[in-house]
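Below you'll find the structure, written out as structure tokens, and then a few comments.
Here, each number is a calculation from the coordinates, and none is a lab measurement. The structure presented is a predicted model; accordingly, all values stated were derived computationally and were not measured. When we count neighbours, we look across all protein chains shown, and the Cβ atoms used for this are built from the backbone with ideal geometry, even at glycine.
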Ligand code: SF4
């Protein structure tokens, strides 16, 4: 991932990638709207309710986490607590080493992306294979996902066919059914070789200790069908109070993410293989991951922890559509990433402090969010945080001059009138470089500084002079 300001990255993006991302996002947005508004009279009511349930859970997270741990243990699950990424990776490694395991098959999980688990396991000599088709392609290309739900939104099938050829998965053939069949054939063998299945969780229910996984490919089932050990790495914010809440969240998740009424495979996992059951892992471990979530919870941006990773805010965001996920230089892209990534960066906040500025604050992300997160407000709070910490990041406009003028009424009036000189100036001589570049493709409006004040003086409000 190139480390450069988001607008520079966007301006250098290849046209075919920009088109693929823009088209993929737009179609996701259309499908979401069609599915939500045809099935429900008042989808906004559902979004608000889901947001309230998540907010309630966050505000009582200590209680719900303790309840979750108790239920998991009663169900025969081993519970591990991981304060940071290193602790979570080490916990996975220890479980594997204790059991002599060397191969793991993984289903898609943002939490494991966040802690860079694959890189860690590779360094430790463990084979960790992604089994979601998109993530598998990202892995063989040594690339990064560009979208939360559609990791290869930035790729086309021709490029994927070339990758397959390079990796020895078959001669060049870019037909989608061939690409899919080849991955399936390769992965089936790997499922049988691995002894550990690794997943995240979309939800974990405090009332029952049930883990809920949704996929469209059924790969998480394969990960758990033939392996002996199931390890789930789950962010602590994934807890929801009751099983009955799932009907609301699953209805919103499928529709918001892909426009489906329900994701194709929904698994409810209540523990390891019980006596008498013919298959399934004999051990189950849940690693509850903090990794600065409690710091976020204590901040004025805690609402972002309601996120259920549906990707709808990415699909609707005009910045994401033009810039792609890689522009955000972090695991979480788009509007959710512009809030969550700087917060999770902790002491490296300044390195991502430009992300909250990558927004026009149009509010579309809030309108589509299934848990009603006020993303524009959170972006403003993070801009404010950067300002108070004195962080200068790309995208910070030079406001010092404006602040001086705005606080000096006489100077302000004089500069408004003097600005009329701009109307006489040839565009290529405008002294502000950014304005010169702007006028290359746009008409600079006529400067009318002071006109409003003059007009205001002539008005009468309520029969009185204004
Ligand atoms: S912030 Fe909302 S819309 Fe964006 S991914 Fe999270 S739940 Fe979905």
Whole-Å distance linking the alpha carbon centroid of the range 162-204 with that of the range 1-78 is 25
The FRET efficiency for residue 12 and residue 141, from their Cβ-Cβ distance with R0 = 22 Å and rounded to 0.05, is 0.70
Counting all Cα-Cα pairs in the range 275-339, those more than 20 Å apart amount in percent to 49
Among beta bridges assigned by DSSP with both residues in the chain, the antiparallel ones amount in percent, to the nearest 5, to 30
Taking only the Cα positions of the range 1-120, the convex hull volume per residue in Å³ is 222
One quarter of the C-alpha convex hull surface, i.e. the mean projected area of the range 243-301 in nm², amounts to 6.9
Between residue 455 and residue 391, the two model label points (7 Å from Cα along the beta-carbon direction) sit apart by a distance in nm of 4.0
With Cα coordinates, the longest principal axis of the chain makes an angle with the long axis of helix 61-74, in degrees rounded to 10, of 10
Log entry: pair-distance distribution for the range 123-187, C-alpha pairs binned every 5 Å from zero, whole % per bin is 4, 17, 30, 27, 15, 6, 2, 0
Per the range 1-67, sqrt(5λ) over the Cα gyration tensor eigenvalues, sorted largest first, in Å, gives 35, 23, 9
Projected area averaged over all directions for the convex hull of the alpha carbon atoms of the chain, nm², comes out at 28.2
Highest mean packing first, using Cβ neighbours within 10 angstrom, the peptides 421-429, 346-354, 384-392, 135-143 sort as 135-143, 346-354, 384-392, 421-429
If one compares the long axis through the Cα atoms of helix 176-193 with the longest principal axis of the Cα atoms of the chain, the angle in degrees, nearest 10, works out at 50
With Rh as the Kirkwood radius over Cα pairs, the range 40-291 has Rg/Rh of 0.97
Here Rg/Rh (Cα, Kirkwood) for the range 221-348 equals 1.02
A student asked for the Cα radius of gyration and Dmax of the range 400-465 in angstrom ought to give 15.4, 48
Note on the range 324-431: C-alpha Rg/Rh, Kirkwood Rh, two decimals, gives 1.12
Note to self, the chain gives a 222 nm [θ] from helices alone (DSSP H runs n ≥ 4, -39500 (n - 2.57) apiece, / all residues, nearest 500) of -14000 deg cm²/dmol
Helix 15-39 sits off the longest principal axis of the Cα atoms of the chain, rounded to the nearest 10 on a 0 to 90 degree scale, by 80
Burial-style ranking of 160-168, 98-106, 232-240, 402-410, average other-beta-carbon count within 10 Å with highest first, yields 232-240, 98-106, 160-168, 402-410
Ordering 10-17, 438-445, 365-372 by per-residue average of other C-beta atoms within 10 angstrom, highest first, gives 365-372, 10-17, 438-445
Whole-number value, in Å³ per residue, for the convex hull of the alpha carbons of the range 317-372 is 78
Of all DSSP beta bridges having both residues in the range 40-291, the percent classed as antiparallel (nearest 5) is 25
